[in-house]
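Take a look at the structure set out below.
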Amino acid sequence: MDDLDRALLQELTNDARISFAELGRKYGLTRASIKERVEKLKQSGVIEKFTVIINPDKCEKKVSAFLEVDVEPRFLNEVAEKLASNHFCESLYLMSGSSTLHMHSLLTDMDELRDLVLEKIYAEKGVVKVQTHVLLKRYKNRSGGLRL
């Protein structure tokens, strides 16, 4: 990956709908050469997919919660698969330390958060503890982009 690839990735992170022709004009290359570079980035797995970022507030998802779910090690994969398959799970990671799953959820209100913790997460066999952190203010969001 060279400097042009990095620049193209930054452009696509800012606006994935930018045309190859516009990128070509900006970098002094043909539309076809830009398209070829982007295709290589896709084929090599650098670009996983193109997507849209939805504003949760506009979709009535007012509560952004980060949950640390401690799980007995023997149930870890089973719990992770069940949580990941549900609509309330935006992202799910295994973190270092104890058998902790870190989950992000977008919810309509605090009642939905309560129900998620008490009726869905604690209902899973092997869940030991759930620690919940509610987002108060977002200063920066990765939104699919990396600093290269």
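The values are calculated or read from the model by the stated rules, or taken from the named source; none is laboratory data. What you see is a predicted model; the values in this text were computed from it and never measured. Cβ atoms come from the backbone with ideal geometry, glycine included; neighbour counts cover every protein chain shown.
Results, tabulated for the structure shown:
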| read-out | value |
| --- | --- |
| Residues being loosely packed, with under 15 Cβ neighbours inside 10 Å and either closer than 24 Å to ASN141 by Cβ or in contact with a helix residue (DSSP H, G or I) (Cβ under 7 Å, 6 or more places away or on another chain) (or both) - total across region 5-26 | 9 |
| Residue match in region 117-129 (condition: of a type in the set (Ser, Thr, Tyr), outside the structural domain of ALA21 (by TED's automatic domain parsing) and assigned to a strand (DSSP E or B)) | no |
| Of all residues making up region 6-40, the number that are free of Cβ contacts under 8 Å to residues at least 40 places away in the same chain and in a helix (DSSP H, G or I) | 22 |
| Residue selected from region 110-128 under the condition surrounded by fewer than 12 Cβ atoms within 10 Å (Cβ to Cβ) and among the charged types (D, E, K, R), by the criterion nearest to PRO56 (Cα to Cα) | ASP111 |
| Matching residues, region 11-30, being under 18 Å from GLN43 (Cα atoms) and not small (Gly, Ala, Ser) | LEU12, THR13, PHE20 |
| Looking only at region 41-55, and only at residues there that are touching a residue at least 12 places away in the same chain (Cβ under 8 Å) and not aliphatic (A, V, I, L, M), the one that is farthest from GLU90 (Cα to Cα) | PHE50 |
| Some residue of region 34-43 being among the basic types (Lys, Arg) and within 30 Å of LEU106 (Cα to Cα) | yes |
